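Heads up: the structure comes next, in structure tokens.
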Amino acid sequence: MAKIQMTTPLVEMDGDEMTRIIWRQIKETLILPHVELKTEYYDLGLKHRDETDDRVTVVSAEATKKYGVAVKCATITPNAQRVEEYGLKKQWKSPNGTIRAILDGTVFRAPIMVKGVRPTVSTWKRPITIARHAYGDIYKDVEMNIPCAGTLKMIFEPADGDAGKRQEETVFEYKGPGVAMGMHNLEKSISSFARACFKYALDTRQDLWFSTKDTISKKYDQTFKLIFEDIYEREFRAEFEKAGITYFYTLIDDAVARVVRSEGGFIWACKNYDGDVMSDMVATAFGSLAMMTSVLVSPDGVYEYEAAHGTVTRHYYQHLEGKTTSTNPMATIFAWSGALRKRGELDGNAALQEFAGRLERASIETIESGEMTKDIFAISEVPNKKMLTTEEFLQSIAGKL
């Protein structure tokens, strides 16, 4: 049978440790036998990022803007221990953070649901997608250790020197040692976040929820709320009503209560820190972080697909010792299928879109038939289930393809 042809390449970003090994296995076992794969390859492995002074990450993001679709393997953001372990020049920044900033993207994360794995929240029947604003807040904060009594101030000095725009606020009068933190955000980034959320809701025909704490944060959080409201009213209300979906705002604490009581099936937009925490909560409640998909979407329609989890270091060292591992590759498989489907949509390649659907169905059917990796084996209620190694699991999927 002839392989499916591609006209435009995907941007392929390779990664680190166990996920790098699984990345190659997925390509060789599930994709290359069926697709004449066309990619522009970038090695985002930690050693190569170090060799290029992390320039490769920037170049791969620029290539993603050029071609419109990328697929990324999990990577390491090095701490001091990793710098010593890999002999690095420095603690390089998160590749995901760099790519998000260049693409001005919003991260959408959703669980892969399978029969036999019941969410720990009994009311959840459909996936909940977390939309995370991937800029600013605590992830770009400035922190200070306060050594003694004194006054902490926040001062804004306008670049044009206009004294009327200068602002000064006393943050706190310290009576003794303490700590302090300053955060920022940009109206441009918040607007991009809002537009990406509204467009994604329309693309997927899902209701959109947004939550902050504007009753407490009357300037910072309220700015998010007002920008979302303005863009919705001016640009998206008519389209939402035509599509039969809704936009809903509430406070973050009320949103949590509503989410827990809901059946799911909607997008929950959150600020950066809220989205980071809630996506892990949703993933765990639905079963496993290894069953959580992730796609970065820019407001101008650029897509980068990846798994929501990291590099599974413990399994990597077991692999280096020659031991078999049972690492769940589902989120990485769905990163590939998502990217192939989107490439097919943009190129009008129906065969590529259809293959992406078959790959996802075969992966889900493998688990539902009782063949699964260790993490799902521990929580699945499927009768006569069998725990497989990663390679065995991929081979079983290949048989169903």
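With a 1.4 Å probe and all protein chains left in place, how much accessible area per residue does the range 20-95 have, in Å²?
47 Å²
Per the Kirkwood definition applied to all pairs of different Cα atoms, how many angstroms is the hydrodynamic radius of the chain?
22.8 Å
Just list whichever of 27/386; 153/213; 90/374; 38/242 have alpha carbons separated by over 32 Å in the model shown.
Where the Cα-Cα span goes over 32 Å, the pairs concerned are 90/374; 38/242.
Tell me, what HN-Hα J-couplings in whole Hz come from the Karplus equation 6.51 cos²θ - 1.76 cosθ + 1.60 at θ = phi - 60° for each residue of the range 199-212, using x for Gly and Pro?
5, 5, 4, 5, 4, 9, 6, 10, 5, 10, 10, 9, 9, 9
Can you give the convex hull volume per residue for the Cα atoms of the range 105-193, as a whole number of Å³?
Cα convex hull per residue, to the nearest whole number: 193 Å³.
Residues of the range 311-391: accessible area per residue at 1.4 Å, in Å²?
For the range 311-391, the solvent-accessible area averages 45 Å² per residue.
For residue 89, which aspartates and glutamates qualify as cross-link partners when the Cα separation must be under 12 Å and same-chain residues fewer than eight apart are set aside?
Filter leaves 50, 51, 53, 54.
Ignoring any ligand, DNA or RNA, what whole percent of the accessible area of the range 191-325 comes from carbon and sulfur when the probe is 1.4 angstrom?
52 percent
Convert each backbone phi in the range 384-401 into a coupling constant with the Karplus relation 6.51 cos²θ - 1.76 cosθ + 1.60 (shift: θ = phi - 60°), then list the ³J(HN,Hα) values in order as whole Hz, x for Gly and Pro.
6, 6, 9, 8, 10, 6, 4, 5, 5, 4, 5, 5, 5, 4, 4, x, 6, 5
What's the local net charge at residue 298, with K and R +1, D and E -1, over the other residues with C-beta under 15 Å away?
Cβ neighbours under 15 Å give a net charge of +3.
Please work out the C-alpha center-to-center distance from the range 183-235 to the range 1-16 and express it in whole Å.
Measuring centre to centre over Cα atoms gives 34 Å.
So what's the Cα pair-distance distribution over the range 212-307, bin width 5 Å, in %?
Histogram of Cα-Cα distances, whole percents per bin: 2, 10, 16, 21, 22, 19, 8, 1.
How much accessible area per residue does the range 100-176 have, counting only protein heavy atoms and a probe of 1.4 Å, in square angstrom?
It amounts to 61 Å² per residue over the range 100-176.
What is the percent carbon and sulfur in the accessible area of the range 342-401, measuring with a 1.4 Å probe over the protein chains and ignoring ligands?
C and S fraction of accessible area: 49 percent.
Whenever you get a sec, line up 153, 115 from highest to lowest accessible area (probe 1.4 Å, protein heavy atoms).
In descending accessible area the options line up as 115, 153.
Amide H of residue 212 versus every other amide H placed in the peptide plane: which residues, excluding those fewer than 5 positions away on the same chain, fall under 5 Å?
Here 250, 252 satisfy the definition.
Once the other residues with Cβ under 14 Å from the Cβ of residue 182 are scored (Lys, Arg +1; Asp, Glu -1), what is the net sum?
-2
Among DSSP beta bridges whose residues both lie in the chain, state the antiparallel percentage, nearest 5.
Among the beta bridges of the chain, antiparallel pairing accounts for roughly 50 percent.
Once amide H atoms are placed 1.01 Å from N in the peptide plane, what residues at a sequence separation of 5 or more from residue 39, or on another chain, have their amide H within under 5 Å of its amide H?
10
May I ask you to give the percent of accessible area on the range 31-116 that is carbon plus sulfur, with a probe radius of 1.4 Å?
Answer for the range 31-116 is 49 percent, counting heavy atoms of protein chains only.
Could you run the Karplus curve 6.51 cos²θ - 1.76 cosθ + 1.60 with θ = phi - 60° over the range 217-223 and give me ³J(HN,Hα) per residue in whole Hz, x for Gly and Pro?
Running phi through 6.51 cos²θ - 1.76 cosθ + 1.60 with θ = phi - 60° gives 8, 7, 10, 5, 5, 5, 4 Hz.
Sequence-distant or interchain residues sharing an amide H contact under 5 Å with residue 115, placed H: which?
It is none; the list stays empty.
The values are calculated or read from the model by the stated rules, or taken from the named source; none is laboratory data. Note that the structure is a prediction, hence the values are computed from the model and not measured. Note that each Cβ is placed from the backbone with ideal geometry, even for glycine, and that neighbours are counted across all protein chains shown. All accessible areas refer to the heavy atoms of the entire protein, side chains included, with ligands and DNA or RNA removed. Shrake-Rupley method; radii C 1.70, N 1.55, O 1.52, S 1.80 Å.
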